[in-house]
Ligand code: PAF
């Protein structure tokens, strides 16, 4: 497995790979890798001749310095695991390498970036879009793999690629869950033992919502979610929305024939967890 720290050496490697006619897959990450990321790598390995993974904690997508500071960093374990998975290239640049000067690009995704995560983490998706565009320009992948756990991010990346007409196929991958249902996340390792025990209640409530949705109104489903999580005083719901799956606009009523996604962010103690389920009426 090759490890590159600079843009120049990464571009050289990619140029050579492409000159051999190899197809290229790419998994962008911020490290602290877990089974969810490993599934993305495995899928990329199945579908491409050469797979790259980036590990870069992107400072400009954190709207709170505290959150950036606390973001888990486990580079040695990450590299060991990527090696075992037969990943071909790890791109692990420094902040100075990625941002020799501030990048002030502002993207407009027609409102996709303003709801849910975007509402509570201003500037977050702009930071994601800036770094993903840079990474795509460096790695030039044929396919890039994103988890559905970050459903809004996935939707925005698809919009970015469409807007900039980038020649990369975005491949969505199912959320990988712990056996008790908790969505895999780098943040899970910051939960205390007690918090970890109750964390699966978030997915339990979401799953029930997806099962009962056809007989209920949006208001009733919201009420149900709040009621389920109220059982745990350690939990605080930041938002729970049922949104149109296409434009992510939160809805108050269901319309026949449309598809929806129920998304939430919940603070469990100091850790902010997000999850979602699709709603097919
Ligand atoms: O999902 C993530 O880990 C990050 O938002 C991404 C896509 C790697 C950009 O920094």
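Table for the structure above
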| item | result |
| --- | --- |
| Antiparallel DSSP beta bridges within the chain, percent to nearest 5 | 50 percent |
| Cα-based shape type of segment 150-234, given that a ≥ b ≥ c are square roots of the gyration tensor eigenvalues and the cut on a/c is 1.5 | oblate |
| Shape category assigned to the chain from the gyration tensor of Cα positions, a/c cut at 1.5 | prolate |
| Sequence-separation-based contact order of segment 42-182, relative, with Cα cut under 8 Å and 6+ spacing, percent | 25 percent |
| 0 to 90° range, to nearest 10: angle between helix 124-139 axis and the chain longest Cα axis | 30 degrees |
| Acute angle (nearest 10 degrees) that the helix 151-163 long axis makes with the longest principal axis of the chain, alpha-carbon atoms | 50 degrees |
| Inter-site label distance for residue 12 and residue 226 at 7 Å from Cα along Cβ, in nm | 6.0 nm |
| Calculated FRET efficiency for the pair residue 208/residue 5, C-beta based, R₀ 51 Å, to 0.05 | 0.65 |
| The chain: relative contact order in percent, alpha carbon pairs under 8 Å with at least 6 residues between | 18 percent |
| Contour minus Cα-Cα distance for residue 83 and residue 267 (0.36 nm per residue) | 62.9 nm |
| Rough spin-label spacing in nm, given labels placed 7 Å along Cα→Cβ, for residue 75 and residue 258 | 4.7 nm |
| Two-site FRET efficiency, residue 162 against residue 63, from Cβ-Cβ distance with R₀ of 22 Å, rounded to 0.05 | 0.30 |
| 0 to 90° range, to nearest 10: angle between helix 7-19 axis and the chain longest Cα axis | 80 degrees |
| Sorted by Cβ density within 10 Å, fewest first, the residues 39, 97 | 97, 39 |
| Contour excess over end-to-end distance, with Cα ends at residue 280 and residue 192 and 0.36 nm allotted per residue | 28.2 nm |
| Estimated [θ] at 222 nm from DSSP helical runs (n ≥ 4, -39500 (n - 2.57)) normalised by residues in the chain, nearest 500 | -11500 deg cm²/dmol |
| Overall form of segment 42-112 per C-alpha gyration tensor (a/c, 1.5; a/b vs b/c) | prolate |
| By average C-beta atoms within 10 angstrom, highest first, the peptides 171-180, 47-56 | 47-56, 171-180 |
| Gain on full stretching of the segment that runs from residue 246 to residue 216 - 0.36 nm per residue minus C-alpha separation | 8.7 nm |
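Read-outs: derived from the displayed coordinates by stated rules, not from any lab. Just so it is clear, the structure is predicted and the values come from calculations on it, not from any experiment. Cβ atoms come from the backbone with ideal geometry, glycine included; neighbour counts cover every protein chain shown.
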